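Down below is the structure, laid out as structure tokens.
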Amino acid sequence: MVWVNAIVQGILVGGLYALFAAGLSLIFGVMRLVNIAHGDLIVLAAYMALTCVTLTDLNPLLAIFVVAPFSALAGYALQRLLFNRTLGADILPPLLVSFGLSVIIQNALLQVYSADSRKLNAGGIEIASIPIVQGLSIGVLPLLMFVTAIVTIGALQFMFYATPLGRALRATSDDQDVARLMGYDNKHLYAIAMAISLAVVAIAGIFLAVRSNFDPALGPQRLIFGFEAVIIGGLGNLWGTLAGGVILGVAQGLGAMIDPGWQLLAGHLVFLAILAFRPEGLFPRVEG
Amino acid sequence: MNAPAFTIVRATPESRIALAFALLGLAALASGPYWMDRNSMRLVGEFLIYLGLASLWNLLAGYAGLVSVGQQAYVGFGGYVLFGCAMFLGIPPLLAVPVAGAAAALLSIPVSYLVFRLKGAYFAIGTWVVAEVFMLLASQWQAMGGGSGVSLPIAIVRSIGSTRDMREQMIYWTTLGVTVAVLIAVYLLLRSRWGLALQAIRDSEIAAESSGVSVASAKRLLYVVACAGAAMIGSLIFMAKLRISPSSAFSVNDWTAFVIFITVIGGIGRIEGPVIGTILFFLLRETLSDLGASYLIVLGSVAVAIMLFAPKGIWGLVQDKFGWQLFPVGRRLILNTNKEGA
């Protein structure tokens, strides 16, 4: 039963990893940009929620409705002012600019909030749980996290494949020059995509902050988890990314059962094994 | 009459001057222990370490487009190999430096088969994962103190040099030797036919491949060289520190972020870039060191600004303005316009 428990908890944490990954995967799909600062933006969102909660006494989970729009606006500006200038045939500028941004955000957070680890308190919901059978119960918060991940990914999927905006984004993704000829404004579309990505980042950041302690140095590891979920699931497939997050979460949970030191290692090893034996990921995009 | 209407040259007037200055500088540095105090020697040692790491990273990113954010994997690996060799195999630390290089070269081959499956930015994060794995494995190595690390036993420290001065001199000279060897290796590699292949890859991978360059093997060769170099430098870093721990050995800030900033600011894809970048880095560091974390914010912002507005770095600006090539790796065609006729 301990093992079943580890697997169930791993699946639920996988939802959080899928949230880390969804924003990353989205902007890569639209503009082939890998945002190295993605993890640090998640942590930044967690601190924004912290500030918001301290100022207004709001429940952290409701702070999503304040932080997400802010974060999305910041994403729009970030893309317009910074990343749009780096996009082109050369892969170095976007990579190095986002790496620089990552270091800047980490150290700015360190200056403003110090290196102390913090946590958001969401009240009674944190300890509420639903007993399933003897020795196995599901926490309400992890369940909420997982359901949020499914809803978020479902919404992204709907946006991409059933709305005019999604059509525009897919068009620029397929061929930006032709999309421009058809009257799309790529720079604006990219900025919209970054805004959506950062709205998802805000959701992920708040769950990160409620679930466990966080500090300014946590970003790179969130980036790595998200990235591993994307690669395990298969590039360009959002539901695959959710599956990738779940696999990563379960691997870490089982690793931790063997030895606490093996928690992170087990996740990385699964990722490396996928890379070695199935580099296209478990569920690569199939498109007609 | 039949004399060719052009000549092909590699050296430039300024490259001869640069070579002379480089030799003078080398002589000054080699005699360092006789005229520098302990703090300056430590500073120069650190300067050499960053110069070596930046030159190797420049080789990877600037010439083969392999942007690795995981070279700290090999810096830390080199350090751990040195400690392992000295503590368990009884190999003298100075001899363990080439051992670390060879071990890293061997290890980097299977790793390259994994990470080369990822392209561009995903390669960057993939190398980072590899570095994380190395760090987690090192934390599991109980004989090396696990997560808290270990100090070099005093008997081994004494075997480097019997007094503190002698030890620091030995480490200084070895660092100088390894860095100079790395720089010469990078220079010669870029001038060889592999270098021509690499520059072709930098300009266009597809065109290079279709002209018969084996892109995959050229990149792999470069990766192995860069990893072996990073491991040798890493072994020296921790020989000087006398102590190693997973978090310091595999620090992404110390061994990769600074190195990337140095190369970007100096001029990526130019052999002179890391030299200029390292000098600027140390000037900035010595003037802004009381700023603490904001020092990194300043450095990061400068690197971002350079990438946006002068992507060829400071040396690129100088080169565009004056056309200087201090360490020429390419060849130039000189047309003999005064010999008209033919």
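Inspect all residues belonging to the range A:227-250 and state whether any of them is out of contact with any strand residue (DSSP E or B) (no Cβ under 7 Å at 6 or more places or on another chain), assigned to a loop (DSSP other than H, G, I, E, B) and closer than 29 Å to A:Ile125 by Cα.
Let us first name the residues in the range A:227-250 that are out of contact with any strand residue (DSSP E or B) (no Cβ under 7 Å at 6 or more places or on another chain), namely A:227-250.
After this cut, where a residue has to be assigned to a loop (DSSP other than H, G, I, E, B) as well, the list is A:234-237.
The next check asks that each one be closer than 29 Å to A:Ile125 by Cα; those that pass are none.
No, the range A:227-250 has no match at all.
Residues that are touching a residue at least 24 places away in the same chain (Cβ under 8 Å) and over 30 Å from B:Ser139 (Cβ atoms): does the range B:247-265 have at least one?
Within the range B:247-265, one or more residues are touching a residue at least 24 places away in the same chain (Cβ under 8 Å) and over 30 Å from B:Ser139 (Cβ atoms).
Going by the structure shown, is A:Gly123 touching a residue at least 12 places away in the same chain (Cβ under 8 Å) and surrounded by fewer than 15 Cβ atoms within 10 Å (Cβ to Cβ)?
On the way: touching a residue at least 12 places away in the same chain (Cβ under 8 Å): yes; surrounded by fewer than 15 Cβ atoms within 10 Å (Cβ to Cβ): yes.
Yes.
From the set of residues in the range A:49-104 that are of a type outside the set (A, V, I, L, M, F, W, C), closer than 19 Å to A:Lys119 by Cβ and in contact (Cβ under 8 Å) with a residue 40 or more places away in the chain, which is nearest to the other protein chains (Cβ to nearest Cβ)?
To start, the set of residues in the range A:49-104 that are of a type outside the set (A, V, I, L, M, F, W, C) comprises A:51, A:54, A:56-57, A:59-60, A:69, A:71, A:75-76, A:79-80, A:84-86, A:88, A:90, A:93-94, A:98, A:100, A:102.
Among the residues that remain, those that are also closer than 19 Å to A:Lys119 by Cβ are: A:51, A:54, A:56-57, A:59-60.
Add one more test, that the residue is in contact (Cβ under 8 Å) with a residue 40 or more places away in the chain, and what stays is A:59-60.
Numbers: A:Asn59: 32, A:Pro60: 26 Å.
Residue satisfying both the conditions and the ranking: A:Pro60.
Looking for something among the small types (Gly, Ala, Ser), in contact (Cβ under 8 Å) with a residue 60 or more places away in the chain and within 14 Å of chain A (Cβ to nearest Cβ) - is there at least one such residue anywhere in the range B:116-138? Let's see the steps before the verdict.
If we filter the range B:116-138 for residues that are among the small types (Gly, Ala, Ser), which is where we start, we get B:120-121, B:124, B:126, B:131, B:138.
Narrowing further to those that are in contact (Cβ under 8 Å) with a residue 60 or more places away in the chain: B:131, B:138.
Subset that is within 14 Å of chain A (Cβ to nearest Cβ): B:131, B:138.
Yes: the range B:116-138 contains one or more residues that are among the small types (Gly, Ala, Ser), in contact (Cβ under 8 Å) with a residue 60 or more places away in the chain and within 14 Å of chain A (Cβ to nearest Cβ).
Within the range A:105-120, restricting attention to residues that are at pLDDT 90 or above and either farther than 25 Å from A:Thr51 by Cα or crowded, with 21+ Cβ neighbours inside 10 Å (or both), which residue is nearest to the other protein chains (Cβ to nearest Cβ)?
Only one residue fits best here, namely A:Asn107.
Quick one: is A:Val140 surrounded by fewer than 20 Cβ atoms within 10 Å (Cβ to Cβ) and either farther than 19 Å from B:Pro311 by Cβ or without any contact (Cβ under 8 Å) to a residue 12 or more places away in the chain (or both)? Even if it seems obvious, please write down each step before you answer.
Details: surrounded by fewer than 20 Cβ atoms within 10 Å (Cβ to Cβ): yes; either farther than 19 Å from B:Pro311 by Cβ or without any contact (Cβ under 8 Å) to a residue 12 or more places away in the chain (or both): yes.
For A:Val140, the condition - surrounded by fewer than 20 Cβ atoms within 10 Å (Cβ to Cβ) and either farther than 19 Å from B:Pro311 by Cβ or without any contact (Cβ under 8 Å) to a residue 12 or more places away in the chain (or both) - is met.
Can you name the number of the only condition in (1) part of a helix (DSSP H, G or I); (2) surrounded by fewer than 22 Cβ atoms within 10 Å (Cβ to Cβ) that B:Thr256 fails?
Only one criterion in (1) part of a helix (DSSP H, G or I); (2) surrounded by fewer than 22 Cβ atoms within 10 Å (Cβ to Cβ) is unmet by B:Thr256, namely (2).
List every residue pair whose Cβ atoms sit under 8 Å apart, with the two residues 6 or more apart in sequence or on different chains, where the first one lies in the range B:291-310 and is facing chain A (nearest Cβ under 7 Å) and the second, anywhere, is hydrophobic (A, V, I, L, M, F, W, C) and assigned to a loop (DSSP other than H, G, I, E, B).
B:Val304/A:Leu82; B:Leu308/A:Leu82
Residue-wise test of (1) under 30 Å from B:Glu205 (Cβ atoms); (2) in contact with a helix residue (DSSP H, G or I) (Cβ under 9 Å, 6 or more places away or on another chain).
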| residue | (1), (2) |
| --- | --- |
| A:Val34 | yes, yes |
| A:Gly39 | yes, yes |
| A:Ile42 | no, yes |
| A:Ala46 | no, yes |
| A:Asp57 | no, no |
| A:Pro60 | no, yes |
| A:Gly75 | no, yes |
| A:Arg80 | no, yes |
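Answer with yes or no whether B:Thr278 is hydroxyl-bearing (Ser, Thr, Tyr) and facing chain A (nearest Cβ under 10 Å). I'd like the intermediate steps shown before the answer.
On the way: hydroxyl-bearing (Ser, Thr, Tyr): yes; facing chain A (nearest Cβ under 10 Å): no.
Criteria not met by B:Thr278.
The values are calculated or read from the model by the stated rules, or taken from the named source; none is laboratory data. For clarity, every value in this text was computed on a predicted model and none was experimentally measured. Because the Cβ atoms are built from the backbone with ideal geometry, glycine has one as well, and the counts that use them run over all protein chains shown.
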